[in-house]
Amino acid sequence: MSARPEAADQSRGSAFRGEGLRKIYRTGETEVEALRGVDLDVAQGEMLVLLGPSGSGKSTLLNIVGGLDRPTEGRLFYRETELTGMKEDEMTRFRRQNVGFIFQFYNLIPSLTAEENVQLVTDIAADPMDAREALEMVGLGDRAHHYPAQLSGGEQQRVAVARAVAKRPGVLLCDEPTGALDSQTGIRVLETLVRANRELGTTVIIITHNVGIGAVADRVFHFLDGQIARIEKNDHPIQPVEITW
């Protein structure tokens with residue numbers, strides 16, 4: 001049975017609310033049930049970490065709440081707006097206006113500078129911050145005119161974070177954002193995500209296999225076999241620099 005969602009801080013209001021979310025992938029006659037009736041309630045401004053083995057449903061849920069995929073069954077709301085059943089153009093508008101994505105691999109355009117990579121988002125966002133301001137926020141203001149090949153892996157990931165943060169999204173969805181980084185560089189990336197959460201009020205959801213990262217979150221959802229098996233609440237989240245990597 002899925003863990004109950006009531007542990008969210010209801011005083012903040014809901015960023016996401018899901019009811020009975022199921023996702024079935026079909027290939028010929030084969031069916032794989034990736035999500036098995038998940039209920040969730042994520043508070044606005046919450047820092048949430050999703051833990052669990054590969055194939056447990058974490059990425060499927062992240063893709064659904066980010067509007068990249070749709071549930072087979074169930075209902076999903078972003079604040080007061082139901083996402084379930086939206087038309088494709090409406091879903092595209094939802095993603096563009098509300099969601100920032102950060103992945104394990106940086107997806108920067110090699111022929112553009114760091115600043116120009118961030119501007120790709122600011123040019124289409126409704127109320128963006130200045131691209132240079134976003135780079136300053138991640139500690140890369142002095143690298144604005146460098147190309148990706150001139151940046152370390154950690155610097156490239158921080159440019160990707162700046163690009164996601166620059167449009168002032170309501171939510172940041174991060175799929176293994178430190179997975180390809182060493183511990184010190186990973187901590188710097190996490191510090192940037194924590195700063196976005198605290199200074200901008202952005203809801204941050206992080207998928208990771210690193211159990212230690214859960215200590216920076218308000219809550220940790222432990223996934224198993226397509227369900228939220230357990231919810232862990234942190235009354236006193238720690239700073240990224242304190243993580244046992």
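A short reminder: the numbers here are calculations on the coordinates, not readings from a lab. From a predicted model like this one, the values you see are computed outputs, not experimental measurements. Backbone-built Cβ (ideal geometry, glycine too); neighbour counts: all protein chains shown.
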Looking only at the chain, where both bridge partners belong to it, what percent of the DSSP beta bridges are antiparallel (to the nearest 5)? 55
If you take every residue apart from Glu199 with its C-beta less than 13 Å away from the C-beta of Glu199, what net charge results, scoring Lys and Arg +1 and Asp and Glu -1? 0
Leaving out same-chain residues fewer than 8 places away, which lysines sit with a Cα under 20 Å from that of Lys23? Lys58, Lys87
Take the alpha carbon atoms of the range 168-218, find their center, do the same for the range 73-104, and report the distance between the two centers in whole angstrom. 21
In whole Å, largest first, the alpha carbons of the range 142-192 cover along the principal axes 31, 26, 15
What distance in nm separates the two pseudo spin-label positions at Thr30 and Ser183, each 7 Å out from Cα along the beta-carbon direction? 3.9
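Evaluate the relative contact order of the range 1-159 (contact order divided by residue number), counting alpha-carbon pairs under 8 angstrom at least 6 apart; express in whole percent.
RCO, the range 1-159: 18 percent.
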Multiplying the sequence separation of Thr81 and Arg93 by 0.36 nm and subtracting their Cα-Cα distance, what value in nm do you get? 3.0 nm
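When a footprinting reagent is the concern and you count Cβ atoms within 10 Å, what order do Asp218, Asp142 take, fewest first?
If I rank by nearby Cβ atoms, fewest first, I get Asp142, Asp218.
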So how much slack lies between Ile109 and Leu224, counting 0.36 nm per residue of separation and subtracting their Cα-Cα distance, in nm? 37.8 nm
Sites Thr244 and Glu136 - FRET efficiency at Förster radius 30 Å, r taken between beta-carbons, to 0.05: 0.50
The range 108-245 - Rg and Dmax from Cα coordinates, angstrom: 15.4, 46
Taking square-rooted eigenvalues a ≥ b ≥ c of the alpha carbon gyration tensor, is the range 94-185 rounded, prolate or oblate, where a/c under 1.5 means rounded and, failing that, a/b exceeding b/c means prolate? oblate
Just tell me which aspartates and glutamates come within less than 15 Å, Cα to Cα, of Lys167; anything on the same chain fewer than 8 places away is out. Glu115, Glu116, Asp123, Asp127, Asp130, Glu133, Glu136, Glu199
As computed over the range 1-130, the Cα convex hull volume per residue (Å³): 162
Convex hull of Cα atoms in the chain, direction-averaged projection (nm²): 13.4
Cβ-based net charge around Arg143, under 12 Å, with every Lys or Arg adding one and every Asp or Glu removing one: -2
GNM on the chain, Cα springs under 10 Å; top mean-square fluctuation among Pro128, Pro110, Pro148 goes to Pro110
Protection proxy ranking, peptides 156-163, 117-124, 70-77, average beta carbon neighbours within 10 Å, highest first: 156-163, 117-124, 70-77
Sort 181-192, 129-140 for me by packing, meaning the mean count of neighbouring Cβ atoms within 10 Å per residue, highest on top. 129-140, 181-192
